[in-house]
Amino acid sequence: MKYLFRLLALLAITLVTKVSTAQGAYQVVAVENGGTIKGTVKWQGPVPHLIASEINKDPQVCDPRSEKRRDLERLLVAPNGGVANTVVFLRNITHGKAMDLPELRRYLNQKSCRYEPHILLVPVQANVTVKSKDPLLHTVQMSGSAEYNLPFTVEGQEISRPMIREGNVSMRCNVHPWMNGELVVVRHPYYAVTDSDGNFELTQVPPGEYEIVAWHEGWRVVGENALYDIATQVRVKRPLFADPVSWSKSVTVLPHQAAEVNFTLSERSPQMAQGH
């Protein structure tokens, strides 16, 4: 009898695991009557004054305009109040169109000691490719859902690595501490990054009720992280940033129609769970 109870318990656990896995999966289907979600992310209130980072290494490459300082690019607010580089996505969507995220969001370039683009979107199980146009030493340290330390020693060098786990990845340079960016590894295509005016659009969304989330990487510098990089034999102090901010709304998508969702971001924006 005890054996029977153990067997039933094991079967129940297996069933729950399979159901949980199935709920987390995404299925590609034909979307013939899809709608669109479009909107903006805008800053509300006074824009905070953020301190730029001193360019204290390799000025001939990193500072061709002799500006002496480099903005950390963590909060970009347009004249119209639009906030760039906010990731907007649908949470827990289970089916829809095939992956069609912009290819350029899978490629990181190091140019004049800055990352282009600042935000990457890479499908899970796909590769991210990092290259350098700078004729000097860089290292790209990735932490989070992917853990890599990629050294670049010559101009034109290119390295690709697989992104095998969904989630967020912070990218930092171990040589030039102002260089920073974020990579989001995703399982479905309903993600967008706001443009320079804070606009976004999600297309071919199956009709239904959804939770739409806006995620911002965070902009405040809250400290420094002293680092000795074994690969480069360099000791640096990198800025530590405040936690990301995310907030959500409900949205109804109707066949062949456009739904509008607008977000506001401020110093008092609420925080919530970071899951996708």
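The values are calculated or read from the model by the stated rules, or taken from the named source; none is laboratory data. Predicted, not measured: the structure shown is a model, and the values here were computed from it. When we count neighbours, we look across all protein chains shown, and the Cβ atoms used for this are built from the backbone with ideal geometry, even at glycine.
Some values worked out for this structure:
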{"item": "From TRP215, TRP178, TRP219, residue being closer than 16 Å to VAL88 by Cα and not charged (D, E, K, R)", "result": "TRP215"}
{"item": "Any pair with Cβ under 9 angstrom, 6 or more apart, that starts in segment 125-137 at a residue that is of a type in the set (Asp, Glu) and ends at one that is surrounded by 19 or more Cβ atoms within 10 Å (Cβ to Cβ) and in a strand (DSSP E or B)", "result": "ASP134/GLN110; ASP134/PHE152"}
{"item": "Residue that is modelled with the lowest pLDDT [pool: residues in segment 170-219 that are of a type in the set (S, T, N, Q) and over 14 Å from the mean Cα position of the chain (by Cα)]", "result": "ASN174"}
{"item": "Odd one out for LEU136 among (1) in contact with a helix residue (DSSP H, G or I) (Cβ under 7 Å, 6 or more places away or on another chain); (2) surrounded by fewer than 20 Cβ atoms within 10 Å (Cβ to Cβ); (3) within 21 Å of ALA192 (Cβ to Cβ)", "result": "(3)"}
{"item": "Of residues in segment 141-166 being under 16 Å from the mean Cα position of the chain (by Cα), assigned to a strand (DSSP E or B) and among the small types (Gly, Ala, Ser), the one nearest to ARG114 (Cα to Cα)", "result": "SER143"}
{"item": "Residue in segment 50-58 that is of a type in the set (Ser, Thr, Tyr) and surrounded by 17 or more Cβ atoms within 10 Å (Cβ to Cβ) present", "result": "yes"}
{"item": "Close pairs (8 angstrom Cβ cut-off, 6 or more residues apart or separate chains): farther than 23 Å from ALA242 by Cα and touching a residue at least 60 places away in the same chain (Cβ under 8 Å) in segment 146-175, of a type outside the set (S, T, N, Q) and surrounded by 17 or more Cβ atoms within 10 Å (Cβ to Cβ) anywhere", "result": "PRO151/LEU137; PRO151/HIS138"}
{"item": "Of residues in segment 192-221 being of a type in the set (Ser, Thr, Tyr) and not in a loop (DSSP other than H, G, I, E, B), the one surrounded by the most Cβ atoms within 10 Å (Cβ to Cβ)", "result": "TYR210"}
{"item": "Residue within segment 28-48 that is in contact with a helix residue (DSSP H, G or I) (Cβ under 9 Å, 6 or more places away or on another chain), modelled with pLDDT of 90 or more and either in a loop (DSSP other than H, G, I, E, B) or surrounded by 10 or more Cβ atoms within 10 Å (Cβ to Cβ) (or both) present", "result": "no"}
{"item": "Filtered residue count, segment 71-96, keeping only those that are over 20 Å from the mean Cα position of the chain (by Cα) and surrounded by 19 or more Cβ atoms within 10 Å (Cβ to Cβ)", "result": "1"}
{"item": "In segment 102-125, the residues that are in a loop (DSSP other than H, G, I, E, B) and under 18 Å from the mean Cα position of the chain (by Cα)", "result": "PRO102, PRO117, HIS118, VAL124, GLN125"}
{"item": "Residues (of a type outside the set (S, T, N, Q), under 20 Å from GLY167 (Cβ atoms) and in a loop (DSSP other than H, G, I, E, B)) located in segment 63-101", "result": "ARG74, ILE93, MET99, LEU101"}
{"item": "Selection from segment 220-256 of residues that are modelled with pLDDT of 95 or more and touching a Pro at 6+ places or on another chain (Cβ under 7 Å)", "result": "VAL253, LEU254, PRO255"}
{"item": "Tally, over segment 53-62, of residues that are among the acidic types (Asp, Glu), assigned to a loop (DSSP other than H, G, I, E, B) and on the phi < 0 side of the Ramachandran plot", "result": "0"}
